[in-house]
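Report on one structure; see the data block that follows.
The values are calculated or read from the model by the stated rules, or taken from the named source; none is laboratory data. What you are looking at is a predicted structure, and each value in this text was computed from that prediction instead of being measured. Cβ placement follows ideal geometry from the backbone for every residue including glycine, while neighbour counts extend to all protein chains displayed.
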Amino acid sequence: MSNAPTTEAGPLAGLRVLELGGIGPGPFAGMLLADQGAEVIRVDRPAEAGTASAHPILHRGRRSVTLDLKDPAGVEAVLRIADTAGALIEGFRPGVAERLGLGPDVCLARNPRLVYGRMTGWGQDGPLAQAPGHDINYIAVAGALGALGAAGENPPVPLNLVGDMGGGGMLLALGITTALVGVGRTGEGQVVDAAMTDGTAVQLALIHGLLASGRWEDARGVNLFDGGAPFYRTYRTSDGGHMAVGSVEPQFYAVLLHVLGLTDDPLFARQHDRDAWPSMSARLGEVFAGRTRAQWTAAFDGTQSCVTPVYGLTEAATHPHNAARGTYYTENGLLQPAPAPRFQGTPAATPRPAPVIGVHTRQVLSEAGLDAETIDALAPTS
């Protein structure tokens, strides 16, 4: 049984987006746009036709066509679809789309209002533009990875959230929607160069501001928001769980000490005494280790302390707040995040499940104006 949202549309209803395959951040941008009502058509490889998507959440809300991009007839079919689109998502290495005959110059010459979104790790130019890489490499070179983790320890790997998703897919979705606003004003499309190194760097704006003002050290685990501060980090509980402490403001810090029974401990009298931070963290670690996560959760519940339990991926969906807002929903047994952000006037529709690859090929090609003979040649068995 589904507990998915039941709305019918979204703010991007009427927008057609063509997504040229790809993995990770490009499809994530396509998912974000599809979640908000855009009609996203994904081009997959013919060899995958008839199979289920390997990424059933990232590929939700799409229509899927299979076309051979090395076949001139397949390329022309893609261009015909692009002629009807408002935006295009492309995630090849720089120059590949041009060699295929699907570069922005060709597409924009045919459809001057098209927003051509390019998703790469390093960007369209620069010494590393042609180099391979993954999220971990992009956030390392951008400066984010080196700022993460405890002092004296190796930087941790923050999933692929900072580069692929935040610095990549979200950046591209923002770039496309921003460019579409420009199309509405000028009637002219353009190219969006979304690089994960750029997107990672832009997420460091606050940290760079603190660094410039002398309130941040260019070192790991010694700062306010990197685990260096005893009142902004995680602590292990007696049952192996963890509590997240974010008691930065003095009123929250006072409540933290009260609940922990440390109000009169002189060690904690000067919250921002950095020389005392290691000793304070060690003492807080001892205290939190004395009870289970559930016990600490109950102790801090309703205290206005900015202290919360740390949940795992599936457990998070059961938290009363997430459950009340419908932050997660289950569709056909698949737990997944609901569309975000939320729009009061044009709420998002329930995302359709990821389609069988290639199932919409004939339908989409017909809509693009291709004749039956050409469609039969391009999609003989779909």
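Looking across the range 18-47, the residues that are acidic (Asp, Glu) and either at pLDDT below 95 or in a strand (DSSP E or B) (or both) come down to 19, 39, 44. Filtering the range 146-155 to residues that are within 18 Å of residue 202 (Cβ to Cβ) and either touching a Gly at 6+ places or on another chain (Cβ under 9 Å) or part of a loop (DSSP other than H, G, I, E, B) (or both) leaves only 148.
Here is a check on your reading of the model: is residue 295 polar (S, T, N, Q), assigned to a helix (DSSP H, G or I) and within 36 Å of the chain's Cα centre (by Cα)?
yes
No other residue among 369, 358 is at positive phi, surrounded by 15 or more Cβ atoms within 10 Å (Cβ to Cβ), of a type in the set (Gly, Ala, Ser) and part of a loop (DSSP other than H, G, I, E, B) apart from 358.
Between 93, 60, the distinction of being part of a loop (DSSP other than H, G, I, E, B), in contact with a strand residue (DSSP E or B) (Cβ under 8 Å, 6 or more places away or on another chain), surrounded by fewer than 18 Cβ atoms within 10 Å (Cβ to Cβ) and at pLDDT 95 or above belongs to 93 only.
For the condition assigned to a loop (DSSP other than H, G, I, E, B), within 33 Å of the chain's Cα centre (by Cα) and assigned by TED's automatic domain parsing to the domain that holds residue 292, residue 222 does not qualify.
One line per residue, one yes/no per condition, for (1) over 30 Å from residue 255 (Cβ atoms); (2) under 22 Å from the mean Cα position of the chain (by Cα):
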| position | (1), (2) |
| --- | --- |
| 319 | no, yes |
| 327 | no, yes |
| 333 | yes, no |
| 345 | yes, no |
| 354 | yes, yes |
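Within the range 181-214, the residues that satisfy the criterion of being crowded, with 22+ Cβ neighbours inside 10 Å and part of a helix (DSSP H, G or I) are 196, 197, 199, 200. The residues on offer are 141, 65, 78, and the sole one that is of a type in the set (A, V, I, L, M), in a helix (DSSP H, G or I) and in contact (Cβ under 8 Å) with a residue 60 or more places away in the chain is 78.
Among the candidates 48, 39, which residue alone is under 21 Å from the mean Cα position of the chain (by Cα), over 23 Å from residue 138 (Cβ atoms), surrounded by fewer than 24 Cβ atoms within 10 Å (Cβ to Cβ) and assigned by TED's automatic domain parsing to the domain that holds residue 109?
None of the others qualify; the one that does is 39.
The set of residues in the range 266-279 that are within 21 Å of residue 304 (Cα to Cα) and touching a helix residue (DSSP H, G or I) at 6+ places or on another chain (Cβ under 8 Å) comprises 268, 270, 271. Taken across the range 274-282, residues that are of a type in the set (A, V, I, L, M, F, W, C) and surrounded by fewer than 13 Cβ atoms within 10 Å (Cβ to Cβ) do occur, with at least one present.
When the range 266-288 is limited to residues that are basic (Lys, Arg) and assigned to a helix (DSSP H, G or I), the one that is farthest from residue 242 (Cα to Cα) turns out to be 274. If you go through the range 311-325 one residue at a time, do you hit one that is in contact with a helix residue (DSSP H, G or I) (Cβ under 8 Å, 6 or more places away or on another chain) and either assigned by TED's automatic domain parsing to the domain that holds residue 152 or among the polar types (S, T, N, Q) (or both)? Within the range 311-325 (the criterion being in contact with a helix residue (DSSP H, G or I) (Cβ under 8 Å, 6 or more places away or on another chain) and either assigned by TED's automatic domain parsing to the domain that holds residue 152 or among the polar types (S, T, N, Q) (or both)), the answer is yes, since at least one residue qualifies. Looking across the range 311-334 at every residue that is assigned to a helix (DSSP H, G or I) and of a type in the set (Gly, Ala, Ser), the one that is surrounded by the most Cβ atoms within 10 Å (Cβ to Cβ) is identified as 316. Determine whether the range 181-191 contains at least one residue that is in contact (Cβ under 8 Å) with a residue 40 or more places away in the chain, aliphatic (A, V, I, L, M) and assigned by TED's automatic domain parsing to the domain that holds residue 126. Yes: the range 181-191 contains one or more residues that are in contact (Cβ under 8 Å) with a residue 40 or more places away in the chain, aliphatic (A, V, I, L, M) and assigned by TED's automatic domain parsing to the domain that holds residue 126.
Here's the yes/no breakdown for (1) under 15 Å from residue 190 (Cβ atoms); (2) of a type in the set (Gly, Ala, Ser); (3) surrounded by 14 or more Cβ atoms within 10 Å (Cβ to Cβ):
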{"residue": "70", "(1), (2), (3)": "no, no, no"}
{"residue": "74", "(1), (2), (3)": "no, yes, yes"}
{"residue": "78", "(1), (2), (3)": "no, no, yes"}
{"residue": "86", "(1), (2), (3)": "yes, yes, yes"}
{"residue": "99", "(1), (2), (3)": "no, no, no"}
